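Here is the structure we will look at, set down as structure tokens.
The values are calculated or read from the model by the stated rules, or taken from the named source; none is laboratory data. Remember, it's a predicted structure, so these values are computed and weren't measured experimentally. As a convention, Cβ positions derive from the backbone with ideal geometry for all residues, glycine included, and neighbour counts pool all protein chains shown. Accessible surface areas use protein heavy atoms only, side chains included; no ligands, DNA or RNA. Shrake-Rupley method; radii C 1.70, N 1.55, O 1.52, S 1.80 Å.
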Amino acid sequence: MVSLFQREGPFDGVFGFSQGAALTALLVGLRSTNGKPTEHKPLIFDFAIMVGGFVSADADLAKLYGGRSNYDLPSVHIIGRSDTIVPPIASIVLK
């Protein structure tokens, strides 16, 4: 994914639906907050949109959620009240 950002970017924001929204949340964890990519924070974008997202259950990936400052960006979370696949509470946790 990092190589895609380097090759095809820059991107203004990221968008994901369902499993893609879970990936989007992880990408936010890889986001450089000062606009300068580093080895550990190689991505640059300014907003995130997540539809039916959820937190990854993978323990190694969950480390990306620890950098709370990365998550200080404009975001839209679309949560389905009647979603039978991703319960609303699973999406709310990403907010």
Fill in the blank from the handout: residue 30: passes all of (1) more than 19 Å from residue 4 (Cβ to Cβ); (2) crowded, with 17+ Cβ neighbours inside 10 Å; (3) of a type in the set (A, V, I, L, M, F, W, C) but (1)
Problem - Per-region count, region 21-40, residues assigned to a helix (DSSP H, G or I) and either free of Cβ contacts under 8 Å to residues at least 24 places away in the same chain or more than 18 Å from residue 75 (Cβ to Cβ) (or both) - result: 1
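Considering each of 82, 91, 3 in turn, give the residue that is among the polar types (S, T, N, Q) and in contact with a strand residue (DSSP E or B) (Cβ under 8 Å, 6 or more places away or on another chain).
Working: 82 fails: in contact with a strand residue (DSSP E or B) (Cβ under 8 Å, 6 or more places away or on another chain); 3 fails: in contact with a strand residue (DSSP E or B) (Cβ under 8 Å, 6 or more places away or on another chain).
Of 82, 91, 3, the one residue that is among the polar types (S, T, N, Q) and in contact with a strand residue (DSSP E or B) (Cβ under 8 Å, 6 or more places away or on another chain) is 91.
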Fill in the blank from the handout: Scanning region 47-59 residue by residue, the ones that are part of a loop (DSSP other than H, G, I, E, B) and under 11 Å from the mean Cα position of the chain (by Cα) total 4
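Which residues, counting only those in region 1-17, are outside any strand (DSSP E or B) and surrounded by 16 or more Cβ atoms within 10 Å (Cβ to Cβ)?
5
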Completion exercise
Within region 38-95, residues at pLDDT 80 or above, open to solvent by less than 40 Å² (accessible area, probe 1.4 Å), in contact with a His (Cβ under 9 Å, 6 or more places away or on another chain) and of a type outside the set (Gly, Ala, Ser) come out as 50, 51
